[in-house]
Amino acid sequence: MTDSIAGDGRNYEVRNPEKLASLKGLLLKKADDEREALLESARRESSAWLEEQNAALDRMVEQIHTEAVKRAEEISKRQISGAEMARTKERLRLQNSLLDEAVTMLQKELTALRIHPSYPGVLAGLAFEAAEKLPAGTEVRIQLASEDEALGETLAARLREKRPDLSVSFDTDGAPILGGVWLSAPDGSWRSPADWREIIAEVKDSLAERILSIL
């Protein structure tokens, strides 16, 4: 059995159309395999990038934490020397004072990230982590500090790319935060904050323990 193929005006006979169909199938399968390989590579790169961003943020917070405690030690050496007569009261007052100063230092350092080139990546890492446990089909509203509004649509697009199973939108109304990101339901029924206040709250107890241990 033969078929003919018209090309440049001449007719060519295909003596084995079944073989041609089989070859076509092999080529299509190869193309599908290559596409899947590319998608898997992209997934691995995205996962590695997210881990790198989160690790970088963790290192930065730990560094600030260490510097804050060091600063607290320096202040305590100067201020506690004359407080032996009322040590308990002075110890509590000084602890609170040092903790406030350490929190202020951490807040300033986190807010200063806004001028760093990696800040969009940091926001993306925070958003990905905050959305990690949201079930498929969830409607998600992203809010940023008013100073970060220009980054909102790009951040929403990156979250949609990472979690295509979510319905993500960006709310241009600024959130009352210093930096970082808020994820919430459009109707406000739930919120998953990942802003600087949340990060500070997570390390505040540890800071208080460290400061108390040196007084």
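Some values worked out for this structure:
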| read-out | value |
| --- | --- |
| Cα Rg over Rh - segment 117-184, Kirkwood | 0.93 |
| Mean shadow area of segment 149-215 over all directions, Cα convex hull, nm² | 6.3 |
| Amide H contacts of residue 131 (H built 1.01 Å from N, under 5 Å, at least 5 apart or other chain) | none |
| Label point distance in nm, residue 206-residue 101, each placed 7 Å from Cα along Cα→Cβ | 2.2 |
| Per DSSP, loop chymotrypsin sites (Phe, Trp or Tyr not before Pro) in segment 115-215 with at most 12 further Cβ within 10 Å | 190 |
| Isotropic mean projected area of the C-alpha convex hull, segment 88-154 (nm²) | 7.0 |
| Average accessible surface area per residue within segment 117-214, 1.4 Å rolling probe, Å² | 50 |
| Amide H contacts under 5 Å for residue 139, placed H, 5+ residues apart | 167 |
| Along principal axes, Cα extents of segment 90-215, largest first, whole Å | 54, 30, 22 |
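The values are calculated or read from the model by the stated rules, or taken from the named source; none is laboratory data. Predicted model, so just to flag it, every value in this text is computed and none were measured. Glycine gets a Cβ as well: all are built from the backbone with ideal geometry, and neighbour counts include every protein chain shown. All accessible areas refer to the heavy atoms of the entire protein, side chains included, with ligands and DNA or RNA removed. Shrake-Rupley method; radii C 1.70, N 1.55, O 1.52, S 1.80 Å.
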